[in-house]
1. Filter the stretch 364-382 for residues that are surrounded by fewer than 20 Cβ atoms within 10 Å (Cβ to Cβ) and touching a Pro at 6+ places or on another chain (Cβ under 8 Å); which is nearest to E322 (Cα to Cα)?
2. Restricting attention to the stretch 65-86, which residues are surrounded by 22 or more Cβ atoms within 10 Å (Cβ to Cβ), assigned to a helix (DSSP H, G or I) and among the hydroxyl-bearing types (S, T, Y)?
3. Any idea which residue in the stretch 315-355 is farthest from E262 (Cα to Cα), counting only those that are surrounded by 14 or more Cβ atoms within 10 Å (Cβ to Cβ) and basic (K, R)?
4. Quick one: which strands (runs of 3 or more DSSP E) lie wholly within the stretch 187-303 and hold at least 2 residues that are in contact with a helix residue (DSSP H, G or I) (Cβ under 8 Å, 6 or more places away or on another chain) and at positive phi?
5. Can you spot a residue in the stretch 356-363 that is on the phi < 0 side of the Ramachandran plot, at pLDDT below 95, surrounded by 19 or more Cβ atoms within 10 Å (Cβ to Cβ) and assigned to a loop (DSSP other than H, G, I, E, B)?
6. Among the residues of the stretch 50-85, which ones are closer than 20 Å to I363 by Cα, of a type in the set (A, V, I, L, M, F, W, C) and out of contact with any strand residue (DSSP E or B) (no Cβ under 7 Å at 6 or more places or on another chain)?
7. Regarding the stretch 52-61, can at least one residue be identified that is touching a helix residue (DSSP H, G or I) at 6+ places or on another chain (Cβ under 9 Å) and in a loop (DSSP other than H, G, I, E, B)?
8. Please enumerate the residues belonging to the stretch 308-354 that are under 30 Å from I387 (Cβ atoms) and assigned to a loop (DSSP other than H, G, I, E, B).
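The values are calculated or read from the model by the stated rules, or taken from the named source; none is laboratory data. From a predicted model like this one, the values you see are computed outputs, not experimental measurements. Neighbour counts run over all protein chains shown; Cβ positions are idealised from the backbone, glycine included.
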Amino acid sequence: MKKYLFLCVASLALWACTSDSDVPIIHGEEEPPASIPRLDIELSTVEKQLSGQTNTFAFNLLKTVYADETAHENILLSPLSATLAFSMLNNGAVGTTRDEIQQTLGFGDISPDSINKYLQKIVNAMQELDPRGKFESANSIWIKQDYPVLNAFKQTNQQYYKAEIQNVDFINPATKKTINNWVSDKTHGKITEIVDNIHPLTRLILINALYFKGFWMKPFDKSQTVDAKFRTSSGTIQSVPTMRKISTPMAYTKLTNCAAVELPFGNGAFSLVVVLPDEKTNISTVVAQMNDEWWSKVVTGLTTPPYNAAKGKYIAYEVTLEIPRFKIEYDRTLNGDLMALGMKAPFGNANFSLINNVEGLWISLVRQKTFAQMDEEGMEAAAVTIIEMLGASSNEYTSVDFKVNRPFLYFIKEKSTGLVFFAGVMNKIT
């Protein structure tokens, strides 16, 4: 992982122009054109609580992956994509299975109905916030043909997540291509494959796809981009194309062992927050301290300018920013990370009886692929989260003792045809 962590988040920060008056200002880039107003998402008290808990899951997931990832590797996750996929699945969970899903996602004992309504509101609003860019979310549920899934589960996910539901033949090789084509289409070709092989016991596959494209409120001047040195987390020096601009004002804040700037996209509804550890602070130290309280300090610092009491003025920052262009593609199986966060029952002794109340279902695979590219004009990002569900018929079992303690027959056969190609009688053990 590189020395400097680029932490990409959608921030609802307010922006205003600089001023020497005593009126408080929000220190950020200039206001977006009046013709493209920025919209805010109004949250209720419960929804604000859910929003904070969603961020807690984001930080917990990143810390868990960071601790387990190969040293010095780049990481890019979409906690929201994982939250949407698991919230669909949560509508089919019961008992401990539901409890562990909700606790891991940070939702506690809030009802699935409240979670569904909150996520529906957030996603619908985010798709309308900035007409200069794009935020898109798509969901799908792929069901084994003739496999009985309860209507309530399907209807709930269609209502709140606009889930596209398809019955397919998982044994047919064409199904894999169909699913991957859906993923490619929903991510504008940035992620072209999420399914490698489909297990013979697969009953359902749930997928969320996110796509974001934002244009900087103030683009970087390409003529100012030059090759500059970048020290990696392993200590090696790279020469990389580095963008540069001087902004007055820019949202900036200094914390104990790191600093942060915020770069708005489009009309300011979305932004990029860059957190830079101090020269003598290891990136792992900053990762370890991430939580909702820490994030609140970052956001507050970026949106509330410090006050100079002696001069009776608020401080605005002129920031000379240098930041490398980058492109990253990341792929990770999240089974172990989610289990480490407490989601264990869904992967084993699961109860998804609100999906199918006859056959036992469990999660066999949670995989996420992500993509991001940043340049002088803006940033493009995509994520896909897939949850694969396996099932096996539940039967009534009768106990039998089979003690081979006397002469017996034995045969070796070919499985698909039943063809016997060895046969024998064992009268004594030699």
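1. Among those that are surrounded by fewer than 20 Cβ atoms within 10 Å (Cβ to Cβ) and touching a Pro at 6+ places or on another chain (Cβ under 8 Å), it is E376.
2. Listed by number, the residues that qualify are S81, T83.
3. K344
4. Working: elements: 202-215, 226-231, 237-247, 251-254, 258-265, 270-277.
Strands (runs of 3 or more DSSP E) meeting the threshold: none at all.
5. There is at least one residue in the stretch 356-363 that is on the phi < 0 side of the Ramachandran plot, at pLDDT below 95, surrounded by 19 or more Cβ atoms within 10 Å (Cβ to Cβ) and assigned to a loop (DSSP other than H, G, I, E, B).
6. The answer is F57, L61.
7. Taking every residue of the stretch 52-61 in turn, none turns out to be touching a helix residue (DSSP H, G or I) at 6+ places or on another chain (Cβ under 9 Å) and in a loop (DSSP other than H, G, I, E, B).
8. Step one: of the stretch 308-354, the residues under 30 Å from I387 (Cβ atoms) are 326-354.
If the condition is that a residue be under 30 Å from I387 (Cβ atoms) and assigned to a loop (DSSP other than H, G, I, E, B), then L334, L341, G342, M343, K344, G348, N349, A350, N351, F352, S353, L354 are the ones that fit.
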